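Have a look at the structure below before the remarks.
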Amino acid sequence: MTICPAPLHLRLVLVFSGKRKSGKDFITDRIQERLGRGVCCVLRLSGPLKHQYAQEHGLDLDQLLGPGPYKERYRGDMICWGESRRRQDPGFFCRLATRGALQPVWVVSDARRLSDLTWFKSRFPQQTRTVRVQSSEETRRQRGWSFTAGVDDAESECGLDSGVEFDWIITNEVNAPSLEEQLQPILKLRSRNH
């Protein structure tokens with residue numbers, strides 16, 4: 001694999017991970033709101049995966065991207081298909097997600113595997129920081145989560161549960177410190193790198 005230098009405009013890559021319904025999208029969207037779309041883009045690794053999967057299987061992309069039952073019906077097969085693609089090329093979806101990103105701050109909202117973290121850290125070692133979002137099962141249930149065998153016990157949900165040292169851990173719970181307070185060190189890092 002040839003390592004290309006980071007784009008000159010790139011200052012910071014924040015790679016987020018966490019369980020389903022932990023609040024990753026809520027938090028990453030909040031960061032983008034704070035920094036502005038001209039400075040920060042949110043990259044979703046699942047977007048290119050779903051796009052490619054829909055294209056290859058003749059499915060409705062809009063419904064796959066949504067939160068409804070259509071996506072849930074295909075989730076298990078989509079996970080297997082994605083794993084197969086990653087075995088062939090671990091950076092396949094990361095490259096698709098970052099293609100065309102021109103802002104100086106990239107926020108990856110949904111890293112799920114060690115290969116995702118490894119790709120960003122090896123490709124952009126000076127810019128990449130990792131963030132884990134944690135919420136209790138009870139809180140996640142209140143947000144609509146329920147355990148699904150073959151999904152919640154698969155690598156796509158459990159691949160980063162242990163053996164990873166994150167730069168930050170955000171606790172997304174009612175009784176945790178405010179999200180604003182927890183995001184301060186991350187937002188300050190952006191200022192130092194700008």
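Set side by side, the residues Glu165, Glu157 differ, and just one is of a type outside the set (A, V, I, L, M, F, W, C) and open to solvent by less than 40 Å² (accessible area, probe 1.4 Å), which is Glu157. For Leu49, are the conditions met, namely being in contact with a Cys (Cβ under 7 Å, 6 or more places away or on another chain), buried (at least 20 other Cβ atoms within 10 Å of the Cβ), in contact (Cβ under 8 Å) with a residue 40 or more places away in the chain and within 18 Å of Glu155 (Cβ to Cβ)? Here the answer is no, as Leu49 does not meet what is asked.
Taken over the stretch 67-91, residues that are within 18 Å of Ser156 (Cα to Cα) and assigned to a loop (DSSP other than H, G, I, E, B) amount to 4. Out of all the residues in the stretch 113-127, is one or more assigned to a helix (DSSP H, G or I), open to solvent by less than 30 Å² (accessible area, probe 1.4 Å), under 21 Å from Gly150 (Cα atoms) and touching a Cys at 6+ places or on another chain (Cβ under 9 Å)? Within the stretch 113-127, one or more residues are assigned to a helix (DSSP H, G or I), open to solvent by less than 30 Å² (accessible area, probe 1.4 Å), under 21 Å from Gly150 (Cα atoms) and touching a Cys at 6+ places or on another chain (Cβ under 9 Å). Right, Leu102: aliphatic (A, V, I, L, M) and surrounded by 14 or more Cβ atoms within 10 Å (Cβ to Cβ) or not? Spelling it out, it is not the case that Leu102 is aliphatic (A, V, I, L, M) and surrounded by 14 or more Cβ atoms within 10 Å (Cβ to Cβ). On inspection, Arg34 fails the criterion of being at pLDDT 90 or above and farther than 19 Å from Leu189 by Cα. For the stretch 81-90, the condition holds for no residue, the condition being that it is hydrophobic (A, V, I, L, M, F, W, C), open to solvent by 40 Å² or more (accessible area, probe 1.4 Å) and either at pLDDT below 95 or more than 14 Å from the chain's Cα centre (by Cα) (or both).
The residues listed here are Arg11, Arg30, Arg75, Arg44; of these, the one that is over 22 Å from Trp168 (Cα atoms) and either crowded, with 19+ Cβ neighbours inside 10 Å or of a type outside the set (A, V, I, L, M, F, W, C) (or both) is Arg75.
The values are calculated or read from the model by the stated rules, or taken from the named source; none is laboratory data. Owing to the predicted nature of the structure, the values given are computational and were not obtained by experimental measurement. Heads up, the Cβs are rebuilt from the backbone with ideal geometry, glycines too, and the neighbour counts pull from every protein chain shown. Each accessible area value is taken on the protein alone, full model and side chains, heavy atoms only, with ligands, DNA and RNA left out. Shrake-Rupley method; radii C 1.70, N 1.55, O 1.52, S 1.80 Å.
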